[in-house]
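Here the structure is laid out as structure tokens; the discussion comes afterwards.
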Amino acid sequence: MKILVCISDVPDTTTKVKFKDDNTAFETAGVQWVINPWDELSLTRAVEMKEKTPGLIDNITVVTVGPKESEATIRKALAIGADNAIRVDALPKDAFYVASQIAEAVKNENFDIILTGIDSADYNGSAVGGMLAEMLDLTSVSSVSSLNAENSKVTVTREIEGGTETIEAATPFLAIVQKGIAIEPKIPAMRGIMMARTKPLKVVEPADSETLTHIEKFEMPQAKGACKKFDAEGVDELVNLLHNEAKMI
Amino acid sequence: MAILVYTENREGKFKKATFELLSYAQEIAQKTNTSVVALSIGNVEDETLKTLGQYGAKKIISVKNAPEFLDNKIYTDIITSVIEKEAANIVIMAHNLSGKALAPRISARLKAGLVSAAVSTPSSYDPFVVKKAVFTGKAFAHIKVNTALKVITLAQNSFGINDPQDQDVSIETFDAGVDTNSKTKLIDTHKITGKLLLTDAEVVVSGGRGMKSADNWHLLEELADVLGAGLACSRPISDEGWRPHDEHVGQTGKIIAPTLYIACGISGAIQHVGGISASKCIVAINKDPDAPIFEVADYGIVGDFQNVLPQLLEAVKNIKNS
Ligand SMILES: Cc1cc2nc3c(=O)[nH]c(=O)nc-3n(C[C@H](O)[C@H](O)[C@H](O)COP(=O)(O)OP(=O)(O)OC[C@H]3O[C@@H](n4cnc5c(N)ncnc54)[C@H](O)[C@@H]3O)c2cc1C
Ligand SMILES: Nc1ncnc2c1ncn2[C@@H]1O[C@H](COP(=O)(O)O)[C@@H](O)[C@H]1O
């Protein structure tokens with residue numbers, strides 16, 4: 001089996017977000033870039049499956065649509081255990097554009113399982129996975145919290161409103177993953193880091209593709225009013241405020 | 001032209017989030033001089049379907065011939081056929097599990113620009129611009145949609161629900177004529193029963209590592225009981241197995257927007273706050289006056305939960321009984 005893991009290069013989750021150019025662009029100065037947490041967990045699960053069941057998975061490829069700078073993140077993915085990588089040399093413009101680029105880059109590669117995350121920590125589109133499935137005409141299951149494969153059969157658990165469902169699907173198949181897919185991201189070992197340097201990283205030119213949306217500008221949330229603080233003696237007063245002033249209870 | 005709202009049912013019933021979607025759609029319909037069509041997939045009684053009219057739907061399309069479980073491809077086939085039949089120019093869905101699964105497929109199939117997790121009605125219609133949350137709630141972006149057909153998923157609790165009004169509504173049973181044989185097979189379902197779901201809860205009571213041990217959770221459970229609230233927790237709590245994973249909120253758990261969020265013994269890490277910052281009102285209980293949670297809270301109690309929670313429970317009981 002061949003697995004493709006789509007990885008997005010995102011600002012570290014503790015980044016203080018700032019904008020520039022009259023709030024039309026994200027300020028990248030000083031930002032630490034990481035593999036989107038979901039993608040890191042997808043990759044962890046793929047590597048786990050490859051290691052635990054010899055012969056099941058022949059190859060794990062990671063793909064990213066991003067500029068040269070995103071190669072640091074790609075190398076980390078290779079260090080975690082991907083066998084090779086593809087980078088489409090383009091700035092992500094919108095989800096449709098990104099999905100089109102991935103679809104074009106992998107359409108002849110016959111991946112059995114494609115993994116994407118439920119959302120990216122930057123644009124929170126929750127979109128690339130579903131769009132990619134549509135473009136490649138694949139079955140997709142979303143909100144996947146566990147993944148197992150044997151032969152050409154894949155079993156996943158997905159979250160539904162108020163519970164979970166276990167679903168069996170034939171490959172090729174695309175899973176959009178969320179919490180549960182793996183617990184802790186795999187930390188690259190020294191050997192992995194050394195090996196990553198020589199693993200193949202193919203850079204491809206972007207295909208012609210449209211965008212359907214455009215970010216006009218960013219906006220910071222309004223500053224919160226000061227917190228009204230009480231000590232343990234003030235509980236009654238607080239509850240009165242919540243009842244009479246805020247009308248919350 | 002029409003605004004098509006995908007009105008999802010859970011076991012034949014509609015939840016509040018659906019009425020929120022219709023209220024949202026109705027406001028857009030008024031601004032653009034169009035009308036709201038609701039699409040229901042699955043088995044829902046006509047009497048129940050009619051309630052959609054009270055929140056703004058003029059017409060209801062009911063597709064009964066569909067797989068029992070969500071098959072993304074088949075549901076996309078159904079929804080796109082209804083979009084075409086009704087010549088819809090705006091499609092609205094909830095930004096919940098099924099909306100996230102379906103909206104991108106619809107968007108890619110029909111080349112319709114998607115705004116996911118919208119937080120308000122369009123700020124302008126020509127050009128068509130909608131505001132959404134980005135960077136896990138740390139900022140907003142104004143998204144311009146370039147295509148004639150637009151798809152919007154609405155972030156939960158970001159729009160009020162209109163008062164129900166009696167109005168004429170027609171129900172049309174429609175056979176979308178799509179192949180309903182799924183390539184996926186449902187082999188098991190596990191339902192959480194007898195518990196208020198976090199995503200449905202108006203009030204949420206949440207605990208973190210400051211609660212010290214799972215044995216102290218009864219204090220939060222009792223409070224949640226009196227408030228009719230759902231229970232939540234920070235990530236370490238579900239990682240430790242003190243609480244089930246479906247209660248974990250934050251960037252890597254559930255993103256919720258209740259009216260009232262009560263955080264007890266939670267420090268307010270940025271990844272936690274990303275999941276709760278859209279709450280209307282946040283109350284924090286923490287013994288550390290400098291805990292970051294107080295920066296996002298509206299009200300705070302500085303104190304030990306052992307001391308605060310029993311008092312809080314009494315005070316809330318008094319209010320509820322008065
Ligand atoms: C990629 C990534 C994703 C993450 N995603 C999430 C997520 O989705 N959700 C999430 O919650 N976290 C997430 N985290 C973890 C997050 O960074 C914090 O570690 C976590 O939220 C801390 O949980 P806590 O507030 O319960 O515990 P702590 O940070 O340990 O805070 C405990 C608090 O309790 C207070 N306290 C102690 N004793 C008492 C007492 N007796 N009475 C009252 N108060 C007391 C303390 O003052 C302290 O503020 C993520 C981290 C990473 C790196
Ligand atoms: N630029 C990108 N390159 C590769 N994969 C991406 C990219 N952006 C998003 N993805 C994938 O799509 C998922 C969801 O992203 P989004 O639709 O932006 O929320 C991510 O978790 C990735 O798996």
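Okay, here's what the table says:
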item	result
Residue match in the stretch A:56-72 (condition: assigned to a helix (DSSP H, G or I), open to solvent by 10 Å² or more (accessible area, probe 1.4 Å), touching a residue at least 12 places away in the same chain (Cβ under 8 Å) and basic (K, R))	yes
Filter pass, A:W33 being more than 10 Å from every other protein chain (Cβ to nearest Cβ) and within 16 Å of ligand 1 (Cβ to nearest atom)	yes
Some residue of the stretch A:79-89 being open to solvent by 40 Å² or more (accessible area, probe 1.4 Å), in contact (Cβ under 8 Å) with a residue 24 or more places away in the chain and within 14 Å of chain B (Cβ to nearest Cβ)	no
Any hit, the stretch B:292-305, residues being open to solvent by 20 Å² or more (accessible area, probe 1.4 Å), over 30 Å from A:D122 (Cβ atoms) and among the β-branched types (V, I, T)	yes
Residue satisfying all of: in the stretch B:273-292; away from ligand 2 (no atom under 16 Å from the Cβ) and within 9 Å of another protein chain (Cβ to nearest Cβ); farthest from B:S206 (Cα to Cα) among these	B:P289
Options A:K186, A:K202: the member that is farther than 30 Å from B:K287 by Cα, more than 9 Å from every other protein chain (Cβ to nearest Cβ) and surrounded by fewer than 16 Cβ atoms within 10 Å (Cβ to Cβ)	A:K202
Which numbered condition A:T213 fails, given (1) at pLDDT 95 or above; (2) over 30 Å from B:T76 (Cβ atoms)	(2)
Filter result for A:G180 (touching a residue at least 24 places away in the same chain (Cβ under 8 Å) and facing another protein chain (nearest Cβ under 8 Å))	yes
Residue satisfying condition, being open to solvent by less than 10 Å² (accessible area, probe 1.4 Å), of a type in the set (S, T, N, Q) and away from ligand 2 (no atom under 16 Å from the Cβ), within set B:S238, B:S213	B:S238
Selected residue (criterion: surrounded by the fewest Cβ atoms within 10 Å (Cβ to Cβ)) from residues of the stretch A:17-45 that are farther than 26 Å from A:N148 by Cα and polar (S, T, N, Q)	A:Q32
Residue list for the stretch A:52-101, restricted to those being of a type in the set (V, I, T) and within 16 Å of ligand 1 (Cβ to nearest atom)	A:T73, A:I80
In the stretch B:124-141, the residues that are in a loop (DSSP other than H, G, I, E, B), facing chain A (nearest Cβ under 7 Å) and touching a residue at least 40 places away in the same chain (Cβ under 8 Å)	B:T136, B:K138
Count - residues of the stretch B:264-277 that are within 8 Å of ligand 1 (Cβ to nearest atom) and of a type in the set (A, V, I, L, M, F, W, C)	4
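The values are calculated or read from the model by the stated rules, or taken from the named source; none is laboratory data. This is a predicted model, so every value here is computed, not measured. Every residue, glycine as well, gets a Cβ built from its backbone with ideal geometry; the counts of neighbours run over all protein chains shown. Side chains are part of the model used for accessible areas, which takes the heavy atoms of the whole protein and leaves out ligands, DNA and RNA. Shrake-Rupley method; radii C 1.70, N 1.55, O 1.52, S 1.80 Å.
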